Amino acid sequence: MKRLFPTKAHKWLSVSLILCLISAIATAAIQCDFGRVKVEHVTMESISGHRLAGNLYIPSSATKQHPAPAIVVAHGGNNTKEMQDVFNVEYPRHGYITFSIDMYSHGESESLPETEWLDGGRGLYDAARYLTTLPFVDSDQIGLSAHSRGGKGASETVQLDNKADRRIIRNVFLNSSDPIYKDDDGKYTDVYQDRNIAVFSDRLDSFFFTEKGFVGGTYNNKVARRQRPLTQARNYIKTRSAQSFLNFGLDPKEGGTEERGLDRVYSKTYEDGGKGTRQIFSSMQIHGMGTFSISTARDALIFFNRVAPTSLSGDPNNQIWLWTALFALVGFVGIVLFLIYFVLVIVQYGAYKKAIVADEVQLAPIRRGDRSWFWIWQILGIAFSIFVAWSLSMLQVNSFHNGFFRQATPFFYGMWGLLNGIFNIVVFTAWYRTRGRKRNFDLRQTGVVIPRRAVWRTILIGLLGILALVGIIFAADYLFHTKYALWQWNFFYFPAGKIPDMLKVLPLFLGFFVVNSLVVNSFNYNTTLGRSKTANTIWMSLLTAAAPAILCLGCYGYFYLTGWNPFFGGNSWTSETIVTMIPAMFSASFVSRKIYEKTKNPYLAGILMGLVMTLHSCLTTETLPM
């Protein structure tokens, strides 16, 4: 065993790779329903003349002799096709040909200016038209299943389809997304006509299902997000908008309508003989759970099984996508372990040994008076971080992009992190000058200053670490056609065109994660949080993740108790997106602690985690053209 694993680091590195392999094999098997579903990656020039990418899932029951209904699956804003596993797994299992796409300006599809978003329904209409060319698709049963902004694309697709010589869209499931209620004159209308339409509404939705002062046929996000809601999402079914939708476009105030409720199916026969249905589902969940919810998957299957049954239609509660989530979690555990032990193995060889500043580090005993300083520093840091996130969102930095910074979300994260990094530099500089030097705090002994011989080796190890991680991601895609994706945390194959945008925001991320590693380790590697290294590391990691956790819990706690989202005026995005930072911040602190205690070099983990988080942040974000 010693010969197989020379050190403990080698053993755990092997364990991490085994976990990543198990995750890739298991998720791949579930995605193809253990061989009963064929998965093809499709990249094409669409009918509207743009590059469109997606994954096509073909159940074995769909043949030329027995064509099956088809569903275009579309993600929300700043998401990709990889984040739709709930539907990519369940729809094909129940007999539906499923085309899960990257909408334009996302993932592997072409980046388009906002003025061209409606070309091909942001990609949905182009995808639907492509499906009609496949011989094993029932072209009379083309459906759309779309989350959030994808739902707006679905409604825009219906509007395009209304103008076509032959309409092809038959069924639409709007997931966590409002339907269109009014025309451009502000009057209630029925744009969906003789189609089957269902809406899944989240009662804690911070984007949709409330009435606001603006009117118009097409949802205007820039207008909507700056207006305080007049109604609550939890009371959506009672609004005029919902009632008009269930009454096929009639205005509830003008009479001729009945009060209609949740779950029930309402039908209408049109003058030309066509028949349409309307239905609203609801659940007590947040907006982002629309892509990670048993309730949403069940109601989507109930809807499609009703309007386009297949030979495999069955119990909508019979879902296996949760196993995908479980094995994805195994993969993420493997990735975290890999980041730690890849570094700890590399530093044992050749010139890389010089990246080690000192042998294994012990927790320093806390001195009298320093405990109070530690907690003051933590509380101020958490408060400042929350304030910065709030302020940047109020200034709409979360939607900022230009010809250089083409991705808004990574820029927001980067600026948030950089300002927190600057704050921490100011605080620990003040502490060192007023208190640290008097207590003989040694910048070299704690790793704040590392030897020159270690500098370039530290940078190189960080680069090797991110290249090795990308190698694992690409191997999972090449060998098993899968990825590491768990709700909003994702690592998957990406085209080389993403790299320039990653490099642009990388300095911002490094500005935080390097400083964070210094704070967590060089300045706070002591017994304040306990004498056990493991317990101390866990508690420190929890404190690092406290700011986004408090921000999200405060928002949704208030939302749950009152029905009102405190983040209005452009801030609804904040609570939904920052939730992804909670495990990210915890993991970053945990990785940096484990590497520091073996090397006394805080920059190793700081550089590595800056690279990893840049990669993670840029993968799923909408990318606008130059």
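Farthest towards the positive end of the charge dipole of the chain, among the residues V470, L619, F5, is the Cα of F5, using unit charges on the Cβ of Lys, Arg, Asp and Glu. When the chain is fully extended, how far beyond the present Cα-Cα distance does F5 get from I320, taking 0.36 nm per residue of separation? That pair, F5 and I320, stretches by 109.7 nm at full extension.
For the listed peptides 96-103, 271-278, a ranking on the average number of other beta carbons within 10 Å per residue, highest first, reads 96-103, 271-278.
Annotation: for a label point projected 7 angstrom from Cα along Cα→Cβ of R367, residues of the stretch 405-445 with backbone N closer than 14 Å are 431-443. Pairs of Cα atoms in the stretch 1-77 fall into 5 Å distance bins, from 0 up to the last occupied one, in shares of 3, 11, 12, 15, 13, 11, 9, 8, 6, 5, 4, 2, 0 percent. For the listed peptides 171-178, 63-70, 527-534, a ranking on the average number of other beta carbons within 10 Å per residue, highest first, reads 171-178, 63-70, 527-534. Could you work out how far helix 321-346 tilts from the main Cα principal axis of the chain, as a 0 to 90 degree angle to the nearest 10? Long axis of 321-346 versus the principal axis of the chain: about 20 degrees. Counting only Cα atoms, the chain measures 87, 53, 43 Å along its principal axes, largest extent leading.
To the nearest 20 debye, what charge dipole does the stretch 325-619 have about its Cα centre, counting +1 at the Cβ of each Lys and Arg and -1 at the Cβ of each Asp and Glu?
Magnitude of the dipole: close to 1240 debye.
Straightening the chain between D263 and M394 buys 43.5 nm, computed as 0.36 nm per residue apart minus the Cα-Cα spacing. Computed over the stretch 32-319, the convex hull of the alpha-carbon atoms projects to a mean area of 14.3 nm². With the charge dipole of the chain set up from +1 on Lys and Arg Cβ and -1 on Asp and Glu Cβ about the Cα centre, the Cα lying farthest toward the positive end among the listed residues T157, S48, N317 is that of N317.
In a simple Cβ point-charge model (Lys, Arg +1; Asp, Glu -1; nothing else charged), the stretch 68-115 has a dipole of about 220 debye relative to its Cα centre. By the beta-carbon count within 10 Å of each Cβ, the least crowded to most crowded order of V515, V426, fewest first, is V426, V515.
With r defined as the distance between the Cβ atoms of D272 and K187 and R0 fixed at 30 Å, what FRET efficiency is calculated, to the nearest 0.05? Given R0 = 30 Å and the Cβ-Cβ separation, E is 0.85. Rounded to the nearest 20 debye, the dipole size of the chain about its Cα centre is 3460 debye, using +1 on the Cβ of Lys and Arg and -1 on the Cβ of Asp and Glu. If the segment from N162 to K438 were pulled out straight at 0.36 nm per residue, it would be longer than the present Cα-Cα gap by 91.7 nm. Put simply, when 496-502, 337-343 are sorted by average Cβ atoms within 10 angstrom per residue, most first, you get 337-343, 496-502. Globularity index of the stretch 325-619 is 1.01 (Cα radius of gyration / 2.2 N^0.38 Å, N = number of residues). Using just its DSSP H runs of length 4 or more, each adding -39500 (n - 2.57), the chain gives a mean residue ellipticity at 222 nm of -14500 deg cm²/dmol after division by all residues.
Throughout, read-outs are computed from the coordinates displayed, never taken from laboratory work. Treat the numbers as computed from the prediction; the structure is a model and nothing was measured. Every residue, glycine among them, receives a Cβ derived from its backbone with ideal geometry; neighbour counts consider all protein chains shown.
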